[in-house]
1. I need a count of the residues in the range A:687-726 that are open to solvent by less than 20 Å² (accessible area, probe 1.4 Å) and more than 9 Å from chain B (Cβ to nearest Cβ).
2. Among A:Gly345, A:Gly384, which is the only one that is more than 30 Å from A:Lys480 (Cα to Cα) and not basic (Lys, Arg)?
3. Can you name the residue in the range A:474-494 that is part of a strand (DSSP E or B) and in contact with a strand residue (DSSP E or B) (Cβ under 6 Å, 6 or more places away or on another chain) and is also surrounded by the fewest Cβ atoms within 10 Å (Cβ to Cβ) among such residues?
4. List every residue pair whose Cβ atoms lie under 6 Å apart, where the two residues are 6 or more positions apart in sequence or sit on different chains, the first residue falls within the range A:657-674 and is of a type in the set (Ser, Thr, Tyr), and the second residue, located anywhere, is open to solvent by less than 60 Å² (accessible area, probe 1.4 Å).
5. So, in the range B:44-69, how many residues would count as being within 8 Å of chain A (Cβ to nearest Cβ) and either under 22 Å from B:Leu117 (Cβ atoms) or assigned to a strand (DSSP E or B) (or both)?
6. Quick one: how many residues across the range A:1-28 are touching a Lys or Arg at 6+ places or on another chain (Cβ under 7 Å) and either in a loop (DSSP other than H, G, I, E, B) or open to solvent by 10 Å² or more (accessible area, probe 1.4 Å) (or both)?
7. Quick check on the range B:18-43: of everything there that is surrounded by fewer than 22 Cβ atoms within 10 Å (Cβ to Cβ) and outside any loop (DSSP other than H, G, I, E, B), which residue is farthest from the other protein chains (Cβ to nearest Cβ)?
8. Can you find a residue in the range B:10-17 that is more than 9 Å from chain A (Cβ to nearest Cβ), buried (at least 17 other Cβ atoms within 10 Å of the Cβ), at pLDDT 95 or above and over 19 Å from A:His684 (Cβ atoms)?
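The values are calculated or read from the model by the stated rules, or taken from the named source; none is laboratory data. Since the model is a prediction, treat every value here as computed from it, not as a measurement. Methodologically, a virtual Cβ is constructed for each residue, glycine included, from the backbone with ideal geometry; neighbour enumeration extends over all protein chains shown. When the accessible area is computed, the model is the full protein with side chains, heavy atoms only, and any ligands, DNA or RNA have been set aside. Shrake-Rupley method; radii C 1.70, N 1.55, O 1.52, S 1.80 Å.
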Amino acid sequence: MTNHWIDIKNSDCVLVMGSNAAANHPISMKWVQKAKDNGGILISVDPRFTQTSARADIYAPLRSGTDIAFLGGMIKYIIDNNKYFPEYVLNYTNASVILGDKYDFSDGLFSGYNPNAKSYDKSTWAYKKDDKGLLARDESLQDPMCVLQMLKKHYSRYTPEKVSEITGTPVADLLKVYEAYSATGAKDKAGTILYAMGWTQHTVGVQNIRAMSIIQTLLGNMGIAGGGVNALRGESNVQGSTDQALLFHILPGYLGAPTASLATLEAFNKARTPKTVEAQSANWPQNIPKYSVSLLKSFWGDKATKENDFGYAWLPKLDDGQNCSWLNLFDQMYAGTIKGFFAWGQNPACSGANANKVRQALAKLDWLVNVNIFDNETGSFWKGPGMDPKSIKTEVFMLPCAASVEKEGSITNSGRWAQWRYKAVDPPGQAKPDGDIAVLLMNKVRDMYKSGGKSPEPVLNLKWDYVDAKGHFDPHRVAKEINGFFQADVKAGEKQYKKGDPVPGFALLQADGSTSCGNWIYCQSYNADGNNMARRKKDDPTGLGLFPQWAWCWPVNRRVIYNRASVDLEGQPWNPKRAILKWADGKWVGDVPDGPWPPMSDKKNGRLPFIMKPDGQAAIFGPGLNDGPFPEHYEPLECPVPKNAISAQFINPTIKIFGGEMDKHLTCDPRFPFVATTYRVTEHWQTGIMTRWQPWLIEAEPQMFVELSEELANLRGIKNGEKIKVSSVRGEVRAVAIVTTRFRPFKLGELTVHQIGMPWCFGWIVPKDGGESANLLTPNVGDPNTMIPESKAFMVNVTKA
Amino acid sequence: MADGYSILVDTSKCTACRGCQIACKQWNQLPGTPTKNTGSHQNPADLSFETFKLVRFSEGVNGDGKPHWYFFTEQCRHCLSPACMSVAEKDEIIQDEKTGAVIYTPKTKDLDFKATLEECPFNIPRQDPKTKVLAKCTMCFDRITNNMIPACVKSCPTGTMSFGERDKILDMSKKRVAELKKAFPKAAALNADDVRVIYIVTDDPKKYYQYAAGK
């Protein structure tokens, strides 16, 4: 989230799209309700009328996988009807920037497309620059090559009628949503978007969010109270885990992972550190060398020296272009390349797209370590449906771990708040906190390296002092390490710091080895003031629900990021009634500002608000993604229509399609004529492994179900409550039919398209007759930027069982 | 008895998260009933001697063709003049003076269950087939007499449920209904003068549940 949970209450219009917040994030509705109590409007856009829709002022249905068409139509509406916020768009976005001559877009393809590599030459999307390297601009916003005019041209094709033909949303509903939401373009209005996996799990997942980001910047909704682009994260600490680099392509704090061709620290820093000549751009990422060196100091302590590149050579490197995301890992496992696997706090046998392939992949491993609080379909895959235990060689180890209340530590919520939690009870039996398991494992690895092995330095030189006197994992030591320490006596400004002092905040991190920091965005979380994540003060000076002394939030306790976009060039709030920040008597008052600089009208010292962008401005035109600088509608890999109604390019031209025997997909095939999507229910957590053992929860949602319309039920002769079969080209599941008025067929021009939906929280292990995971049906194809699977739009058949 | 406590259930805020249904089971240490999905999210299908609180789901299509989905988190209304008490001979059913909670004691095993159920305007009491004891919501008597609010109210994330002194709850109810009437002309507080658990609905109560406003 750019904002945070409580801030939803400050909104005039809450759009929930790509999410069923009421079911999956129940507490969100507390703040949505407060917004409604203050006169705000709730809009729900969803293929199915959900629990969120039930509370919405406006509901609009759309066919799964057509969000860009829906949002593209909104962009057109905003421009055509002058609903955008002109001062904001001119000053804080790249609307006035002029594109280079090579940029083009034609019939679904952007310039620079290479059909053999299925990729774009992004240099054709570059901005026009003058001889000093400054961006060419037209502040009248009239130049046909300027971003705003290009945006207008791009979305001119997204007429309500065309959009409706793609999405199946009635034109009247589209217009109702467009009108209500674009009203937040007024200076004193705020609109927010709450989204989740309904937007990300598509082959156009990132571009779905890009489309909304464009809308939010056009309407001036970024950086303000009640605004922002807000991802409702699916786990209590999934934000924390990405911050700490759970993913393959990053190091902690979102520093890009090193690759083989970046052989030296200098090369790495050069490649990762953007440059700018724009006078008023802060270009905060210019500090990346300070963060990367401090991270290396944190990993290897005194062994990391200037002479040895601070141990940079010891970091594992990705091959250039290598992608180690989920789908590829399981593909490699299936191919037999990956021999061992730690399934740590997860259940891929049910959570992975195309779960049959996942389960077969597990059978090809030499060993599997399943770290979980309960047995699950992953650890017991070898005795699951269709498996012959005798023929499976995989050796499986079960390590019971502590549940969240059985250990101490921090979790970071969707709103970036790192909140410290105490341990309520000891874990049962031999179960251990994950940290202890990691320590014991690494201790053993280190012991083994001590008697030889290839390249022992990265392991043996590691600064490895994270245990207490009894040898147990000490979360405080780790949290302090993440915050960072001075590695030498340092004078900064008037203050003198000694070696071993905690670093007060990331502004003091250095690239010379004099500081360490395990994650620059968490610097300040545990410093000389103590453990800031454990704070529980309920003061709310702005009255906007920032609660600045409740826990701690990254970066530097800034509760709303890009918050200097909430003020005008003089530093005065666009909306004085909801002033998240204001410039008064030579200083900023309110939230922690996005940098200390004075307001923009100070041409010398003022800085643009979007400090993480090299040019300081919000990117309406975004030349960084793999599949285009503007979001464009493409059909899902599996879809119900024979062609893309808006261009000749049927599907996203940059997606990777696996070609193995288990990687089947079929589009517009009469054997699988219905659109399907997956979702969660309140009662079950993810694959249900923490909840399916719980009698009160399994009582409320006991069995795999499929929701379908009355029309489709009639077509197939299906009665409410009977068990039916849902199949895709990849697998089948049995499920109880819930025949409902909350799904309706979509009218796409002359075509009628039915859609169904299923939860993915069930699995064969428990309860008996509970049913199987919907992921047996989903396709293993990913978004070209993130490789997140397209679990939210695929094709199935439903028949009587 | 007109003072004591009341619970307001503002269904216009309910999202059917079922926190209340589970919290009731947890506080009262009631077992999970073995269930099957019968083509509805409503589960268990009905109240029972081990289910005192149940979120009922009801859906349909409005005049404008748009669907509606109503949630009705059902429980004993704790009537001011409980009809069920008319079948009691002695102290099988107690109405607590201070709180107004209507409590079924273990002695209800001696009552005529059918007659008790028939008397109840809201179809609430249920019988344990083994012990013959009747059971229903206690208003969390053990909590509210120890400075705690009922478990269901405590668990509610959206502010659907409120608990407090009856006059204050009645005030809240009136204000909320007046507010809701602007958008929902049919908004009403159900049986507010006769019951302690007052439901606010925005449409015909029968669309929520057959007995929402009584038999």
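1. Adding up the residues that qualify gives 14.
2. Result of the check over A:Gly345, A:Gly384: A:Gly384.
3. Applying the filter and picking the extreme gives A:Val490.
4. Sorted first by the residue in the range A:657-674, then by its partner, the pairs are A:Thr667/A:Glu638; A:Thr667/A:Cys639.
5. 7
6. Count: 6.
7. B:Trp27
8. Among the residues of the range B:10-17, at least one is more than 9 Å from chain A (Cβ to nearest Cβ), buried (at least 17 other Cβ atoms within 10 Å of the Cβ), at pLDDT 95 or above and over 19 Å from A:His684 (Cβ atoms), which makes the answer yes.
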